[in-house]
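The structure appears right after this line, and notes come after that.
The values are calculated or read from the model by the stated rules, or taken from the named source; none is laboratory data. Keep in mind the model is a prediction, meaning the values are calculated, not measured. Cβ sites come from the backbone with ideal geometry, for glycine too, and all protein chains shown count toward neighbours. Each accessible area value is taken on the protein alone, full model and side chains, heavy atoms only, with ligands, DNA and RNA left out. Shrake-Rupley method; radii C 1.70, N 1.55, O 1.52, S 1.80 Å.
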Amino acid sequence: MPKPLRSRLEGRQALHAVIGNSGWLLFDKLIRAALGLLVGVWVARYLGPTRFGELAYVLAFIAFFQAVANLGADGIIVREIARDRFAASRILGTALVLRFCVGVACWTGAIAVMALVNGVNDPSVVLTALAGGVLVFQAADTVDLWFQSQSQSRRTVVAKLIAYLLSNGAKVVLILADAPLAAFAAITALESAAGALGLYLAYRRFPTSGRWEMILKQGWQLLRESWPFMMSGVSIIEPARLNTSPATPSPVPRRMARR
């Protein structure tokens, strides 16, 4: 490293932590991009335009509920923990309970809406029920906010990257085993569950100073501050996710297609 640059970095621990975090996050993005390209193309070719279009439709539909279940509170939670590290257990505990409850409600609502639109017996309802499990398991991402506030993103990257590698390996196995479409939908939820388990194990090595607890007053305050961000996330993510490429069938509900 050049001497002028080295002299600027020496003794600046906060800057070292930021650079280290950025490096891990960049590494995570590169691995995901490479695997997503290789395995994703293989999955698309295996499923074909029709089945892959059905899966893409369901995942885009679930993305709307994901934005709601997330509460749009990530930045607020990290900010509050950075202000008062000893309040982390109360803030994180409150956020975890809220996200879990809203995630279960969103999962149930997604299945109900899909059944209402396409009919109870439509295969898309089963796909939504399987892939929609991510709405519940993503509540565990609250642990990631603790790591972010303490510049420990490496722990999150390792946990989630292992889950991502396992899920892509499972997709390859499913392709070789000539698995049905429902199995690929289930992999989405299983990846989220594996990531949640990895975050739990990582948290046990780097826990907060106190036991997590739900504080009702803190929950109301969090919801009051986060709902504008949640609405913004919904308005941004949905048009982007519902747009499909020319090679992919338009994600139109079956009942509408018949008309």
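Restricting attention to region 77-93, the residues being closer than 23 Å to Ser192 by Cα, in contact with a helix residue (DSSP H, G or I) (Cβ under 6 Å, 6 or more places away or on another chain) and buried (at least 19 other Cβ atoms within 10 Å of the Cβ) number 3.
Listed here are the residues, each with its yes/no results for (1) in contact (Cβ under 8 Å) with a residue 24 or more places away in the chain; (2) over 26 Å from Met230 (Cα atoms).
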| residue | (1), (2) |
| --- | --- |
| Arg90 | yes, no |
| Ala129 | no, no |
| Gln152 | yes, no |
| Thr156 | yes, no |
| Leu165 | yes, yes |
| Gly169 | no, yes |
| Thr188 | yes, no |
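Elements of the type helices (runs of 4 or more DSSP H) sitting completely within region 84-155 and holding at least 2 residues that are within 29 Å of Gly53 (Cα to Cα): these cover 88-118, 123-131, 134-137. For region 146-163, taking the residues that are open to solvent by 50 Å² or more (accessible area, probe 1.4 Å) and among the β-branched types (Val, Ile, Thr), the one that is modelled with the highest pLDDT is identified as Ile162.
On the basis of being at pLDDT 90 or above, in a helix (DSSP H, G or I) and buried (at least 18 other Cβ atoms within 10 Å of the Cβ), does Ala67 make the cut?
For Ala67, the condition - at pLDDT 90 or above, in a helix (DSSP H, G or I) and buried (at least 18 other Cβ atoms within 10 Å of the Cβ) - is not met.
Quick check on my filter: what residues within region 197-227 are small (Gly, Ala, Ser) and either surrounded by fewer than 14 Cβ atoms within 10 Å (Cβ to Cβ) or under 20 Å from the mean Cα position of the chain (by Cα) (or both)? Within region 197-227, Gly198, Ala202, Ser209, Gly210, Ser226 meet the criteria. Taking the conditions (1) open to solvent by less than 20 Å² (accessible area, probe 1.4 Å); (2) closer than 25 Å to Val58 by Cβ; (3) of a type in the set (A, V, I, L, M) in turn, Val126 satisfies each one other than (1).
Can you say whether Gly233 is out of contact with any Gly (no Cβ under 6 Å at 6 or more places or on another chain) and either open to solvent by less than 70 Å² (accessible area, probe 1.4 Å) or assigned to a helix (DSSP H, G or I) (or both), as far as the supplied structure shows? Write out each step before concluding.
Details: out of contact with any Gly (no Cβ under 6 Å at 6 or more places or on another chain): no; either open to solvent by less than 70 Å² (accessible area, probe 1.4 Å) or assigned to a helix (DSSP H, G or I) (or both): yes.
Criteria not met by Gly233.
Within region 164-182, which residues are crowded, with 17+ Cβ neighbours inside 10 Å and charged (D, E, K, R)? Residue satisfying the conditions is Lys171 alone. Every listed requirement among (1) at pLDDT 75 or above; (2) surrounded by fewer than 14 Cβ atoms within 10 Å (Cβ to Cβ) is met by Gly11 save one, (1).
Report, by residue number, each residue of region 105-123 that is open to solvent by less than 30 Å² (accessible area, probe 1.4 Å) and more than 26 Å from Ala95 (Cβ to Cβ). It would help to see each step written out before you state the result.
Step one: of region 105-123, the residues open to solvent by less than 30 Å² (accessible area, probe 1.4 Å) are 106, 109-110, 114-115, 118-119, 122.
If the condition is that a residue be open to solvent by less than 30 Å² (accessible area, probe 1.4 Å) and more than 26 Å from Ala95 (Cβ to Cβ), then Met114, Ala115, Asn118, Gly119, Asp122 are the ones that fit.
On inspection, Val97 does not qualify as open to solvent by 30 Å² or more (accessible area, probe 1.4 Å) and either among the charged types (D, E, K, R) or modelled with pLDDT under 90 (or both).
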